[in-house]
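Notes to accompany the following structure.
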Amino acid sequence: MTVVRAIELRLITLPLVRPFRTSFGQETEKTCILVRAETDDAEGWAECVAGPDPGFSEEFNEGAWLLLRDFLAPALFEAGEVRAQDLGDVFAFVRGNPMAKATLMNAVLDAELRAGGQALAAYLGADKDRVECGVSVGIPPSTEQLLEQVGGYLAEGYRRVKLKIRPGLDVDRVAAVREANPAAGLSVDANAAYSLDDVETFRALDRFDLLMVEQPLHHDDLVQHAKLQREIRTDVCLDESIRSAAHADAAIELGSCRIVNVKQGRVGGLPEAKRVHDACLARGVPVWCGGMLETGIGRATNLALAALPGFVLPGDISASGRYFHDDITEPFHMDPDGTMAVPAGPGIGVEPRPDRLAGCTLRTEVLKKQ
Ligand code: SMG
Ligand code: MG
């Protein structure tokens, strides 16, 4: 148990190495909130996975900032002596907003683990010290650029390449990538851009031996996905639709997917992410760790999560250099065998570099316990 004395909110922005286009928008910078929690014993860091716009989910930076400042941080101060694992209850009076809740929870957990000298991966129950890396490729303007990017990533050693698709930029592009890379582990992610009227598109994708098709239909759907999964051979993987372990249970029960993408921010923090993992492991459903173009802070968190035993597929965990020329932490590197080391130091095992942090900060606000 510890008392949180202060919370620092910080909005940061870093240019991306290349624009990242999905079916719902494009990002050229990574702009996100970092939280630093100061307890009696230590300080902890966490990154909010929301972006500038409510495109992936209803959460976005400015909304998350207000929620953290006006509701979650005051509730945390009011709670007095806390453990990170109890914060789900402390924050239960706020409906939804899992990404904002996860951020504060993770910052307190990081402080707690640093004070106790325990690594996050060990705390979560990890059984590996390296994880398999995959890479997610945005939708580039041309097929030639797509082939060049995919070829480059495969040459670097990535064990799986995920192609973002949207209606009209799907079957032909996947065909070209498959033809050029017959043996590569390939998947696609539609970010909810299709409907059941598009079943022929997914039947056409069945030809390419994809590892999975991720979130093809509506972001809040389970029933239509179950219908689609019955119509196609490729495994459906759900991302946006899985917001809790209860959703994972329901999706498996309904047959909505055969694989689950776990993002701690999307499900409201590491404890719930572990429950999603446990639910899937118990039912023999493979999971993998999703990504939200995180800086080194969020990447360290993801690496610890991905080290749990049920994470049996390569995650959207790539080297820092795939996203940023100059990350805010020491950069994460991938070995040529396509794996990355899980941080072993206390907590998430990394901190922001102070000079770099100052250089990319747009705004800071410090909230103090009265
Ligand atoms: O972190 O490498 C990464 C990006 C992984 O494709 C990725 N994330 O739907 O899975 C997903 C998307 C959401 C990010 S939108 C900015
Ligand atoms: Mg996705």
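What follows is calculated from the coordinates using simple rules that are stated; it is not laboratory data. Since the model is a prediction, treat every value here as computed from it, not as a measurement. Here the Cβ is made from the backbone with ideal geometry for all residues, glycine too, and neighbour counts use every protein chain on show.
Could you give the nm distance between label points at Gln145 and Arg363, where each point is 7 Å from its Cα heading toward the beta carbon?
3.1 nm
Scan around Gly347 for amide H atoms under 5 Å from its own, H built in the peptide plane at 1.01 Å from N, and keep only partners 5 or more places away or cross-chain.
Arg114, Gln118, Ala119, Leu120
Given labels modelled 7 Å from the Cα in the Cβ direction, how far is it in nm from Glu78 to Thr28?
4.3 nm
Mind running the shape call on region 317-370? Use the C-alpha gyration tensor, a ≥ b ≥ c as the square roots of the eigenvalues: rounded below 1.5 for a/c, prolate if a/b tops b/c, oblate otherwise.
Oblate is the answer for region 317-370, as a/c is 1.5 or above yet b/c matches or exceeds a/b.
What ranking do Cys280, Cys48 get, fewest neighbouring Cβ atoms within 10 angstrom at the top?
With the sparsest Cβ surroundings first, the list reads Cys280, Cys48.
Give Lys274/Lys368; Lys30/Lys227; Lys128/Lys369 a once-over and call out the pairs whose C-alpha atoms are over 32 Å from each other.
Those over the limit are Lys30/Lys227; Lys128/Lys369.
Modelled label-to-label distance, Phe71 and Ala282, 7 Å Cα→beta-carbon offset: nm?
If labels sit at Phe71 and Ala282, their model points lie 2.9 nm apart.
Report the relative contact order of the chain, percent, no decimals, based on alpha-carbon pairs under 8 angstrom and at least 6 residues apart.
RCO, the chain: 23 percent.
Explain nothing, just the number: relative contact order of region 118-232, from Cα pairs under 8 Å at least 6 residues apart, as a whole percent.
21 percent.
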